[in-house]
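See structure below.
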Amino acid sequence: MNRPYNFSAGPAAIPAEVLETAAAEMLDWHGSGMGVMEMSHRGKEFIAIYEQAEADLRELLAVPAHFKILFMQGGGLAENAIVPLNLSRAATVDVVVTGSWSQKSQKEARKYASEVRVVASGEGSHFTTLPDPSTWQLSRGASYVHLCSNETIHGVEFHELPDLQALGSDAPLVIDFSSHVASRPVDWSRVGLAFGGAQKNLGPAGLTLVIVREDLLGHALPACPSAFDYKVVADNQSMFNTPPTWGIYMAGLTFQWLKRQKEGDATGIAAMERRNIAKAQLLYSYIDQSQLYLNKVAPNARSRMNIPFFLRDESRNDAFLAGAKERGLLQLKGHKSVGGMRASLYNAMPLAGVEALVSYMREFEQHQA
Ligand SMILES: *Cc1c(COP(=O)(O)O)cnc(C)c1O
């Protein structure tokens, strides 16, 4: 089946092989007589699905043994509250603001933390650059430092996580990696907690992934709901309450798909990273030499996953989108706060999809000249 290329920022494309497996197993998972959505989360069938998914993710992302993997609900936005409820310990929270998502994080944290400080901001450049870590005004004794490692709307990405200790802070780094999880390796030596919704790069909406260092568990504020207390969730293998079983199953199929991926001598996440670099380079280099299209992000801060771009003649926007749709290039309209276009090149987007996009962009540019 020849499907269109889907550039949605999220919920986003899922690998066709994953959807095909899910379709084939919909009515009867592995001879159990039940579909996954119909199973008890405490039965041996679902426990097997859950344990496999967790083990595959731990292997793929090389998550060290002293980190817990939690499968939760509420999405990235709920984590903006759940993180301070668990980690703020009535101390200052430091936030690096690099776009819409970290802006939301710092606002939400103010409801729960005694003090929230914006220690660096990219607002002066309209979020087209990333503030250099050497300039961050980190607080003494902060409970944690929040960073959005890939800003989905503005299209800026940290290609290296900051080493907070080298910057003079003992605080754990919290990253919102919703929109680039599994697109590249994670340097866990620099991370205390990572969270992300699944609907960008791991599967359907409804599942939230939290990976947290064990020493950060058990410090929740008294008001923290039990179902959102990381220690309670961890002590119950993410089954304190009913987990998002379908989301875990779909993410598990995606993890197996990721493990099968190869690029040259690289496999798994390393293979995805190579492919993602090639995809992003192809699109950025076309945009940069074009007379019609424009990407405003500083080259060292450009996201591999989310590429906002503009037509210098904005009156052509609707024609561009209509022509794209005709050619099977879907969901390219930019976020309403930024305008223009946005191509999200998550793991499920093959290089051929980016080639098809660039070839359409070239045709559209030539046609209008
Ligand atoms: C999509 C996204 C979110 C929001 O996730 P929800 O599941 O809608 O709560 C948060 N942070 C980032 C970086 C995102 O891309």
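Where a number appears in this text, it was derived from the coordinates with a stated rule and is not lab data. Nothing here was measured: the structure is a model prediction, and the numbers come from that model. Cβ sites come from the backbone with ideal geometry, for glycine too, and all protein chains shown count toward neighbours.
Candidate cross-link partners of K200 among the lysines, defined by an alpha-carbon separation under 24 Å and a same-chain spacing of 8 or more, comprise K68, K104, K107, K259, K262, K279, K296, K325, K333, K336.
Reported value for segment 161-273: 121 Å³ per residue, from the convex hull of its C-alpha atoms. Working value for segment 51-105: equivalent-ellipsoid semi-axes of 26, 14, 12 Å, each the square root of 5 times a Cα gyration tensor eigenvalue, largest first.
Out of the DSSP beta bridges found with both residues in the chain, what percent are antiparallel (nearest 5)? If you can, show how the numbers build up before the last one.
Details: 23 of 41 bridges.
Antiparallel bridges make up about 55 percent of those DSSP assigns within the chain.
Would you work out if segment 1-72 is rounded, prolate or oblate? Take a ≥ b ≥ c from the square roots of the eigenvalues of the alpha-carbon gyration tensor; rounded if a/c is under 1.5, else prolate when a/b is larger than b/c, oblate otherwise. Verdict is oblate for segment 1-72.
The order of the peptides 195-208, 66-79, 91-104 by mean Cβ neighbours within 10 Å, most packed first, is 195-208, 91-104, 66-79. When the P(r) is computed for segment 51-201, the part past 26 Å accounts for 20% of the Cα-Cα pairs. Computing Rg and the Kirkwood Rh from the Cα coordinates of segment 87-159 gives a ratio, Rg/Rh, of 0.96. Among rounded, prolate and oblate, which fits segment 125-201 when a ≥ b ≥ c are the square roots of the eigenvalues of its C-alpha gyration tensor, a/c under 1.5 means rounded, and a/b larger than b/c means prolate? Oblate, since a/c reaches 1.5 and b/c is not below a/b. Remark on segment 219-325: ratio of C-alpha radius of gyration to 2.2 N^0.38 Å is 1.65. Once you divide the Cα radius of gyration of segment 211-271 by 2.2 N^0.38 Å, the number left is 1.57.
Rounded to whole numbers, the Karplus 3J(HN,Hα) couplings from phi for segment 357-364 are 5, 5, 5, 5, 4, 5, 4, 5 Hz, using 6.51 cos²θ - 1.76 cosθ + 1.60 with θ = phi - 60°, and x at Gly and Pro. One equal scatterer on each Cα of segment 47-138, no solvent, Debye formula: the resulting log10 I(q)/I(0) at q = 0.17, 0.18 Å⁻¹ is -0.89, -0.94.
In the chain, the alpha-carbon atoms span a convex hull of 140 Å³ per residue.
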